[in-house]
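Asker: Here you go, one structure.
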Amino acid sequence: MYLMNKNNFAQIINDPDAPLTGIPTSKGDFERLISDETDFRYELIDGLLYNMTGSSPAHSDIAGQIEFLLKLQLGRRGPCRTHHEQYVAIPGSTPLCPDVVLTCDPGDWDKDKRSKPFRIQSPRLVVEVLSPSTERRDRKYKFTSYQACPTLEVYMLASQYEPHIEVYCLANDWQEEVF
């Protein structure tokens, strides 16, 4: 079994080719890992560290298109902004990194990058693009975790293999709507 310690923690941060799938990791080690800006994205789920970096071109394109369409709808006048690859604070748990997140809290802009580590505190909409390796976690663990965010109103899952979008709304008691 691979356990995280000071020596291999430093190796993982500095070695982009290190195997980062399912490594047992403590919450403290995870927080230290994500506390600095990096090109890598990680999530800690059930005590296991997952490397979320390196999505497929289709996955990246779908997430980018969803973010683009949301930005077109929002414009720049109101308080709402979309972000991608930004950690979302989960009350009582470790942060998660959705594909796209929308927030309407100006406190989530952090223009001066004073918050270290930066976390979206008030997500209104969270989008996950489903991948074979993440679909199960997106549907169960992450959906349940995001529901702990008091500002969350919509959770959306987008398939990258067929024109299929699932939308779950708080106003609809988190019942699935398929488009």
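The values are calculated or read from the model by the stated rules, or taken from the named source; none is laboratory data. Note that the structure is a prediction, hence the values are computed from the model and not measured. Cβ: placed from backbone, ideal geometry, glycine included. Neighbour counts: every protein chain shown. Only protein heavy atoms, including side chains, enter the accessible area calculation; ligands, DNA and RNA are left aside. Shrake-Rupley method; radii C 1.70, N 1.55, O 1.52, S 1.80 Å.
Asker: Among 140-149, 122-131, what's the highest-first ranking by average C-beta atoms within 10 angstrom per residue? Mind showing how you got there, number by number?
Answerer: Numbers: 140-149: 16.7, 122-131: 22.6.
Ranked from most to least packed, the peptides come out as 122-131, 140-149.
Asker: Separate question: Return the FRET efficiency for the residue pair TYR141, PHE68: r is the Cβ-Cβ distance, R0 is 30 Å, and the value is rounded to the nearest 0.05.
Answerer: Numbers: r = 28 Å, r/R0 = 0.92.
So the FRET efficiency works out to roughly 0.60.
Asker: Moving to a separate point now. Could you give the length gained by full extension between ALA148 and TYR161, i.e. 0.36 nm per residue of separation minus their alpha carbon distance, to one decimal place? Please report the intermediate quantities before stating the final value.
Answerer: On the way: separation 13, 0.36 × 13 = 4.68 nm, distance 2.91 nm.
Difference between extended and current length: 1.8 nm.
Asker: Here's a follow-up. Shape verdict for the range 27-148, please, from the Cα gyration tensor: rounded (a/c under 1.5), prolate (a/b greater than b/c) or oblate.
Answerer: Oblate.
Asker: For VAL178 and LEU48, what is the calculated FRET efficiency with R₀ set at 41 Å and r taken between the beta-carbons, to the nearest 0.05?
Answerer: The calculated FRET efficiency here is 0.85.
Asker: Would you mind counting up the charge near SER145? Only other residues with Cβ under 14 Å from its Cβ, with Lys and Arg at +1 and Asp and Glu at -1.
Answerer: Its environment carries a net charge of +3.
Asker: Testing the spin-label approximation: label points 7 Å from Cα along Cα→Cβ at GLU31 and ARG76. State their distance in nm.
Answerer: The modelled label-to-label distance comes out at 3.7 nm.
Asker: If I ignore ligands, DNA and RNA and count only protein heavy atoms, how much of ILE23 is accessible to a 1.4 Å probe, in Å² to the nearest 10?
Answerer: Surface open to solvent at ILE23 totals about 10 Å².
Asker: Just the accessible area for ASP46, please: 1.4 Å probe, Å², rounded to the nearest 10?
Answerer: 130
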